[in-house]
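What follows is a single structure, written as structure tokens, with notes after it.
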Amino acid sequence: MLKDNFKNITESQDFFCNYYDQGLFIGSTPQGQNLIAMCCYQNKKIIDVVEFDHPYLQDLRTEAKNKVPAVCDPACKSSKYHNERLRTRLEQYWTDSGVEIKKLHLEQSLICNLTCISCSSRYSSAWSKDYKIFDPHAHTVQLKKYPDRVWKNLNFSSLEHVHFTGGEPLLNFDNFLILEHLASIGRLNQVTLTYNTNGTVRVSNKLVELWKQAKWVRLHFSLDGSGSTFEYTRYPANWQQVQENIQWYRQLPDTCILIEVNAIVGIHNVFNLDDFYQWWKQNCQTGNQGDNSHIFVKAIAPSSYGGRVLSLTHMPKQFEQHAQDMLQSLSDLPGASDLISLVGQQSDMQWLEYFEKLDNLRGTNWRASLTGPIITI
């Protein structure tokens with residue numbers, strides 16, 4: 001039935017998305033309140049009890065029968081975007097099988113060990129102490145002392161995939177508990193697992209044993225650069241240690257570990273992309289079973305103070321051509337060509353003030369850490 005739907009959608013440009021009937025996002029506010037949505041691209045609803053048949057989700061399902069719901073990301077209103085997403089769902093063998101949880105996205109804890117320059121206290125507990133320097137109205141993360149297990153009463157009998165984000169999800173013990181739960185109900189061996197991780201954490205042997213029961217595990221390493229650029233961007237991570245951790249994951253036996261590497265790109269790291277790409281080619285082209293790994297880059301998002309001021313749109317005029325040439329030379333790096341048009345649209349120097357404040361806070365030196373012509377300013 002789904003393939004027939006896909007044919008009709010392709011021809012009529014109508015809306016269709018599996019997530020409305022089969023997806024569930026569970027998140028957390030900095031104050032520890034529960035959030036739900038169908039997927040991470042929707043506006044989230046603060047609720048007390050997580051339910052798949054919550055009235056908020058039911059209303060969205062009804063609305064989605066006739067149009068793209070208003071709470072969806074603006075990109076979701078593009079029929080071309082939806083056709084591409086539907087193709088992806090078909091490749092993942094989603095079926096039109098009614099309202100049941102097949103894809104679960106857990107972002108329950110904002111616990112994190114890094115103060116990445118593109119992040120904020122909205123997503124990282126490590127930023128709670130100092131982020132008000134950049135945003136006086138910023139939230140302070142209130143971490144829960146014990147895992148909440150808000151998913152414990154959900155029906156996972158049809159679950160096929162779990163995606164973990166954070167914070168740093170490998171520091172969140174609740175993610176271990178849900179895998180134990182899936183194993184106890186006999187479902188884990190039918191589930192695939194993905195994690196967005198900063199690469200600083202090696203998981204316990206107990207978690208590895210649970211991973212062995214899953215169909216496969218994909219680790220999305222969010223690195224944003226290599227060498228000193230990585231260390232400045234994802235402070236206070238150590239590049240050598242992260243490289244060793246990635247190789248440790250690539251050598252784990254008796255389970256299938258797939259690898260993805262990505263970078264969000266702004267003024268701070270665009271001139272490091274060639275080194276980053278070469279590092280991936282030389283060190284990280286396969287997972288532990290020999291499967292091809294993937295790499296991609298995308299524009300930094302304006303979801304934090306750093307994300308706004310570090311945008312490529314603020315590239316100083318004298319370095320615009322250099323940045324465009326760099327990105328053009330990396331046309332085979334997925335996502336690089338899409339960044340060229342962003343460079344230098346509305347140049348200003350707020351990023352320089354941001355670096356100087358970071359250096360005062362951390363005792364670092366951005367000119368000694370980053371690469372490219374901007375360090376001459």
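The values are calculated or read from the model by the stated rules, or taken from the named source; none is laboratory data. On a predicted model such as this, the values are computed, not experimentally measured, just so you know. Here the Cβ positions follow ideal geometry from the backbone for every residue, glycine too, while neighbour counts run over all protein chains shown.
The set of residues in region 327-364 that are of a type in the set (Asp, Glu) and touching a helix residue (DSSP H, G or I) at 6+ places or on another chain (Cβ under 7 Å) comprises ASP348, ASP359. Of all residues in region 165-214, which are without any contact (Cβ under 8 Å) to a residue 60 or more places away in the chain and among the charged types (D, E, K, R)? Correct list: GLU168, GLU180, ARG187, ARG202, LYS206, GLU209, LYS212.
Assess whether THR313 counts as being closer than 30 Å to ALA138 by Cα, assigned to a helix (DSSP H, G or I) and in contact (Cβ under 8 Å) with a residue 24 or more places away in the chain. Considered against the rule, which asks whether it is closer than 30 Å to ALA138 by Cα, assigned to a helix (DSSP H, G or I) and in contact (Cβ under 8 Å) with a residue 24 or more places away in the chain, THR313 comes out as yes. Is region 188-198 home to any residue that is out of contact with any Asp or Glu (no Cβ under 9 Å at 6 or more places or on another chain), among the aliphatic types (A, V, I, L, M), farther than 17 Å from TRP280 by Cβ and buried (at least 18 other Cβ atoms within 10 Å of the Cβ)? Yes, because at least one residue in region 188-198 is out of contact with any Asp or Glu (no Cβ under 9 Å at 6 or more places or on another chain), among the aliphatic types (A, V, I, L, M), farther than 17 Å from TRP280 by Cβ and buried (at least 18 other Cβ atoms within 10 Å of the Cβ).
Pairing each residue of region 343-360 that is at positive phi with any residue that is surrounded by fewer than 16 Cβ atoms within 10 Å (Cβ to Cβ), provided the two are 6+ apart or on different chains, yields C-beta distances under 8 Å for GLY344/LYS317; GLY344/GLU320. With respect to being within 30 Å of TRP279 (Cβ to Cβ), assigned to a loop (DSSP other than H, G, I, E, B) and either in the same structural domain as SER157 (by TED's automatic domain parsing) or of a type outside the set (Gly, Ala, Ser) (or both), VAL203 fits the description. For region 199-221, taking the residues that are under 21 Å from LYS144 (Cβ atoms) and within 20 Å of the chain's Cα centre (by Cα), the one that is surrounded by the fewest Cβ atoms within 10 Å (Cβ to Cβ) is identified as VAL201.
Within region 149-158, one or more residues are more than 23 Å from ASN288 (Cα to Cα), out of contact with any Ser or Thr (no Cβ under 9 Å at 6 or more places or on another chain), in the same structural domain as ASN365 (by TED's automatic domain parsing) and of a type in the set (Gly, Ala, Ser).
May I ask you to list the residues in region 101-126 that are part of a strand (DSSP E or B) and under 20 Å from GLN33 (Cβ atoms)? Within region 101-126, LEU104, HIS105, LEU106, GLU107 meet the criteria. GLY335 meets the stated requirement of being small (Gly, Ala, Ser) and modelled with pLDDT of 95 or more. Could you list, in sequence order, all residues of region 172-200 that are within 30 Å of PHE230 (Cα to Cα) and either modelled with pLDDT of 95 or more or small (Gly, Ala, Ser) (or both)? Of everything in region 172-200, those that are within 30 Å of PHE230 (Cα to Cα) and either modelled with pLDDT of 95 or more or small (Gly, Ala, Ser) (or both) turn out to be THR192, LEU193, THR194, TYR195, ASN196, THR197, ASN198, GLY199, THR200. Every test in (1) under 16 Å from the mean Cα position of the chain (by Cα); (2) more than 15 Å from GLY27 (Cβ to Cβ) is passed by GLN108 save one, and that test is (2).
Scanning region 322-339 for residues that are in a helix (DSSP H, G or I) and without any contact (Cβ under 8 Å) to a residue 12 or more places away in the chain yields ASP325, SER337. For ASP325, indicate whether it is charged (D, E, K, R), at pLDDT 95 or above, out of contact with any strand residue (DSSP E or B) (no Cβ under 6 Å at 6 or more places or on another chain) and surrounded by 14 or more Cβ atoms within 10 Å (Cβ to Cβ). So ASP325 fails the test. Test ILE264 against the criterion of being assigned by TED's automatic domain parsing to the domain that holds LEU188 and under 30 Å from ALA138 (Cα atoms), and give yes or no. Answer is yes for this residue.
Yes/no matrix, rows are residues, columns are (1) buried (at least 20 other Cβ atoms within 10 Å of the Cβ); (2) not in a helix (DSSP H, G or I):
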residue: TRP248; (1), (2): no, no
residue: THR255; (1), (2): no, yes
residue: PHE271; (1), (2): yes, no
residue: ASP275; (1), (2): no, no
residue: GLN282; (1), (2): no, no
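The residues on offer are ASP59, ASP21, and the sole one that is at pLDDT 90 or above, among the acidic types (Asp, Glu), crowded, with 16+ Cβ neighbours inside 10 Å and not in a strand (DSSP E or B) is ASP21.
Screening ARG362 with (1) of a type in the set (D, E, K, R); (2) surrounded by 14 or more Cβ atoms within 10 Å (Cβ to Cβ); (3) under 15 Å from VAL270 (Cα atoms) gives one miss only, at (3).
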